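Reviewing the structure listed below.
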Amino acid sequence: MLNHYEAAFILTPVLSQEKTKEAVDKFEKLLVDNGAKVLNREEWGLKKLAYPIKGKTTGFYALLQFDVEPAVVATLETEFRRDERILRFLTFRLDKYAFEYAEKRRNAKNAPKED
């Protein structure tokens, strides 16, 4: 049975835009190769951290929403731990209410804006 998940992670700020996109692509490809269906991908850009992590005060934030078997999440988190570009990560399973909220947020983001 597939569960709904979100993975938010922070990349080191010394990476260029291309390297940041490449890192996010790597994790998205890992999920797809393991049978996940990626529902949403957001790159929030460079943000100030609440406290320094590994001497860094800023980081590139990214979010992936996906449906996958629970065993694949362990593989994803292992790759997060191995990648030195990742400062922090958080992966969590969405319950039905959180999934509905994420779906509404995703649809609102993709809806055409009226002037």
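The values are calculated or read from the model by the stated rules, or taken from the named source; none is laboratory data. None of the values given here were measured: they were computed from a predicted structure. Glycine also receives a Cβ, built like all others from the backbone with ideal geometry; neighbour counts cover every protein chain displayed. Ligands, DNA and RNA are stripped out before the accessible areas are found, and what is left, the full protein with its side chains, is counted by its heavy atoms. Shrake-Rupley method; radii C 1.70, N 1.55, O 1.52, S 1.80 Å.
I'd like the accessible area for THR58: 1.4 Å probe, protein heavy atoms, all chains in place, Å² to the nearest 10.
40
Ignoring ligands, DNA and RNA, how do LYS19, LYS54 rank by accessible area with a 1.4 Å probe, largest first?
LYS54, LYS19
Over the alpha-carbon set of segment 25-96, work out the extent along each principal axis and list the three values in angstrom, largest first.
36, 25, 22
Would you mind finding the longest exposed-site-free stretch of the chain, with exposed GluC sites (Glu not before Pro) meaning DSSP loop and at most 13 other Cβ atoms within 10 Å?
Longest gap between qualifying sites, sites excluded: 1-83.
Over its Cα atoms, what ratio of radius of gyration to 2.2 N^0.38 Å does segment 4-47 give?
Ratio of Cα Rg to 2.2 N^0.38 Å: 1.21.
Where a Cα-Cα gap under 22 Å defines reach, which lysines qualify for LYS47, not counting those fewer than 8 residues away within the same chain?
Candidates past the 8-residue exclusion: LYS19, LYS21, LYS26, LYS56, LYS109.
Give me the aspartates and glutamates in straight-line cross-link reach of LYS54: C-alpha distance below 13 Å, same-chain residues under 8 apart excluded.
Candidates past the 8-residue exclusion: GLU84.
Roughly how many Å² is the accessible area per residue of the chain, as a whole number, for a 1.4 Å probe? Walk me through the numbers on the way to the answer.
Numbers: 7380 Å² over 115 residues.
Ligands and nucleic acids excluded, the figure is 64 Å² per residue.
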